[in-house]
Amino acid sequence: MRIFISSLYTETNTLSPIPTGLRAFEEYGLIRDASRRHDVPAAVPLGEIRRLAQACGDEVIEGLSASAQPAGKTVRAAYEKLREAILVDLRAAQEVAPLDMILLALHGAMVADGYDDCEGDLIAHVRAIAPAAVIGVQLDLHCHLTDAMVRDSDVIIAVKEYPHIDMAERAHELFHICRRTVLGEINPVAALVATHMIGAYPTFDAPMSGIVGNLRAAEARSSILTASIAHGFAWADVPEVGTKVLVYADADLPAAMNEAGALSKQIYDAREELLPRYPDIAASLDRATALSGLVVLGDFADNPGGGAAGDSTYFLRELLARGIRNAVVGCFWDPVAVEFCAEAGIGAMLEIRLGGKCGVASGEPIDLTVQVLGLREHHDQGCFGFRQQLGRAVWIRSQGIDIAVCSVRSQVFDPDAFTGLGISLESRRLIVVKSSAHYQARFSEIADHLWHVRTPGAMSLDFAAIPYLKRDGNYFPRVQDPWALLGRPEPRTFVRRRALA
C-alpha cells in the first residue's frame, strides 16, 4: 500500500495572551522526517505507523510535520502556510499514484484567526485531494471533535489516557483499522454524542479511571472497532467545545449508537464526581508540611501544555512567605532571567526579576537574590517516548529553594527536567511542577504523596465562569442538569460512501 503521513499539532487556549505564529512552529522544526526522530511530538505516533507499515511491506510517503507549544490563537497566515505545505506534499504523492491511506497526527483543538476548527478544515482539504483514500486521524483527547472532522475522515481515534501514555498504542490501533478498511475487511461507521459537559478529567484518578476501563471493555464487544472519549479543551471559546463520545462499529450503526449512548451516560452520571475539587495553594502547603516523605504538587493553572505562560509566581511567592526550604520549583519560562544567569556563570550571585512577565494571569514578578548552580545549553526532558526541548536552562537557588528556569516554554513531564540540570531530588520534601496532570506518570514513581493544586492563572477550573462568547451556556456545570433541560442527546451518525457499497 501507499501511505501518506503528516502532522500538524498545537492546542489553542483562546484566553492566552501568547500568539501562536510561524516562529512557534519553527521552534520545534518544520520537518519531513518526524517518524525517524526522537525530539518532536509527532515522533511517537508517526514512528509507530512507519514501523508497522514497513513490517507490512507498505510504502510510506512522509509530508510536513509541524508542532508548537499550546498558546493563544494561531496566526491566520501561519496556519494557512502550514496547511498548504502539507497539501503540496500530499498532492505530489497523489500525483505519482493514488494513495491507499492518509494517516494524520493532529491535536483536535487548534484554533486560528478565522478558523474555529483547523483540523476539520485541514481534513476537508485532504479529502478533496484524495477522495478515494482511507483517511485516519489520531487526536489528543482534549480535542473538540467536530462533525466536520468525523464527516471527512474514515476513522478518528483519540488517546485514552491523560497523562498521554498511550500514544503509540493508539497509532497501532489506527493503522490496523485503516488497513483493514482499505482491504475491505471492515466498514467503519460512526456515532458521535455530545454530553453537554465541560471539564478536565485526569484518567489516573477515579472516577475517570473506571470510565476509561469501561471504554476499553466496550471495544471488546462484537462489531465495535474503537471508542474514544473526547474530553474537550475547556479554555477555547469555540462553538463545539465540550465532552463527546465517538464510537466506530463494523457496518453496525445501531451498535455504535448504543455504545456511544451508554458511555456518554456513564460520564454524565459521574459529572459531580468529575468536578476538579482540588485544594488551593494554602491548603496544599498546610497539608504537605504535615506529611512525611516527598510531596509533589501540580500547579494546574500555570501549565504551558494548556496555553499558560509558565511564569506565574503565586506558588513560589507563598513558599518564600512561609520560609519553606528544601523545595524544588519549575520549570519557569523566563528567557531573560536565563540569559542573565547564564552570562553571570555557575557560582555567581546576582539579583534577578523572575516570572510575572506575560500578563495578569502570571501575577507580579518576584525580585530575588539567587546563586547560579547549573547551566545547560540544550536542556530537554522525557515525554512519553520522545525528548521535549527546554532550550537554554539554568538551576538557581534562593532562600533554600531550587528553581529550574528554561528558555523554551514547556510543562514538566519528567523528573529529568530537574535532574538534567543537576538538581538532586533525593531527600527532598517538596517539588512543585508547572503541569496539570502529565507529571503524574513519572513523578508518581518517586513521590510519597502527589496531587493537583487549584492555582490562579490562565487555566481556571471554574468552568461555569469561563467567558464563552461562541459556545452557548447550556452545559454542566453552568447548568446543573442540561439533559433535563435539553433532553438526552441523540447520537449523530456518519457513514462513508464505501460503507454503503
Output the number of residues of the stretch 5-26 satisfying the condition of being under 24 Å from R50 (Cα atoms), out of contact with any Gly (no Cβ under 7 Å at 6 or more places or on another chain) and either free of Cβ contacts under 8 Å to residues at least 24 places away in the same chain or not hydrophobic (A, V, I, L, M, F, W, C) (or both). 4
Mind counting the residues in the stretch 204-237 that are farther than 13 Å from A260 by Cα and surrounded by 21 or more Cβ atoms within 10 Å (Cβ to Cβ)? 7
From the list R287, R221, pick out the single residue that is out of contact with any helix residue (DSSP H, G or I) (no Cβ under 6 Å at 6 or more places or on another chain) and assigned by TED's automatic domain parsing to the domain that holds R170. R221
Unmet criterion (only one of (1) within 20 Å of the chain's Cα centre (by Cα); (2) farther than 23 Å from V150 by Cα) for A42: (2)
The condition from (1) without any contact (Cβ under 8 Å) to a residue 40 or more places away in the chain; (2) closer than 23 Å to C383 by Cβ; (3) assigned to a loop (DSSP other than H, G, I, E, B) that P41 misses is numbered (1)
Could you give every pair whose Cβ atoms fall below 8 Å, whose first residue belongs to the stretch 184-197 and is closer than 15 Å to V150 by Cβ, and whose second residue is in a loop (DSSP other than H, G, I, E, B) and hydroxyl-bearing (S, T, Y), counting only separations of at least 6 or pairs across chains? A194/T243
Quick check on the stretch 164-203: of everything there that is among the polar types (S, T, N, Q) and over 30 Å from V479 (Cβ atoms), which residue is surrounded by the fewest Cβ atoms within 10 Å (Cβ to Cβ)? N187
Would you please list the contacts, defined by Cβ atoms under 7 Å and residues six or more apart or on different chains, that run from a residue in the stretch 437-448 that is at negative phi and surrounded by 21 or more Cβ atoms within 10 Å (Cβ to Cβ) to a residue that is in a loop (DSSP other than H, G, I, E, B) and hydroxyl-bearing (S, T, Y)? A437/Y162
Give the stretch 224-269 a look and list any residue that's under 26 Å from T74 (Cα atoms) and free of Cβ contacts under 8 Å to residues at least 60 places away in the same chain, or say none. T243
Count, please, the residues in the stretch 389-410 that happen to be over 22 Å from the mean Cα position of the chain (by Cα) and surrounded by fewer than 22 Cβ atoms within 10 Å (Cβ to Cβ). 6
If we keep just the residues of the stretch 1-19 that are under 20 Å from L122 (Cβ atoms) and of a type in the set (A, V, I, L, M, F, W, C), which is farthest from the chain's Cα centre (by Cα)? I3
Taking the criterion of being touching a Pro at 6+ places or on another chain (Cβ under 8 Å) and either hydroxyl-bearing (S, T, Y) or over 24 Å from H379 (Cα atoms) (or both), would at least one residue in the stretch 23-34 satisfy it? yes
Are there helices (runs of 4 or more DSSP H) fully within the stretch 172-277 with at least 3 residues that are of a type in the set (D, E, K, R) and within 21 Å of Q480 (Cα to Cα)? List them. 271-274
All but one of (1) surrounded by fewer than 20 Cβ atoms within 10 Å (Cβ to Cβ); (2) in contact (Cβ under 8 Å) with a residue 60 or more places away in the chain; (3) more than 24 Å from the chain's Cα centre (by Cα); (4) in a strand (DSSP E or B) hold for L291; state the number of the condition that does not hold. (4)
Restricting the stretch 411-436 to residues that are among the hydroxyl-bearing types (S, T, Y) and buried (at least 24 other Cβ atoms within 10 Å of the Cβ), the residue that is farthest from P202 (Cα to Cα): S435
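The values are calculated or read from the model by the stated rules, or taken from the named source; none is laboratory data. In this text the structure is predicted, and so the values were computed from the model without any measurement. Reconstructed Cβ throughout: ideal geometry from the backbone, glycine too, with neighbour counts over all protein chains shown.
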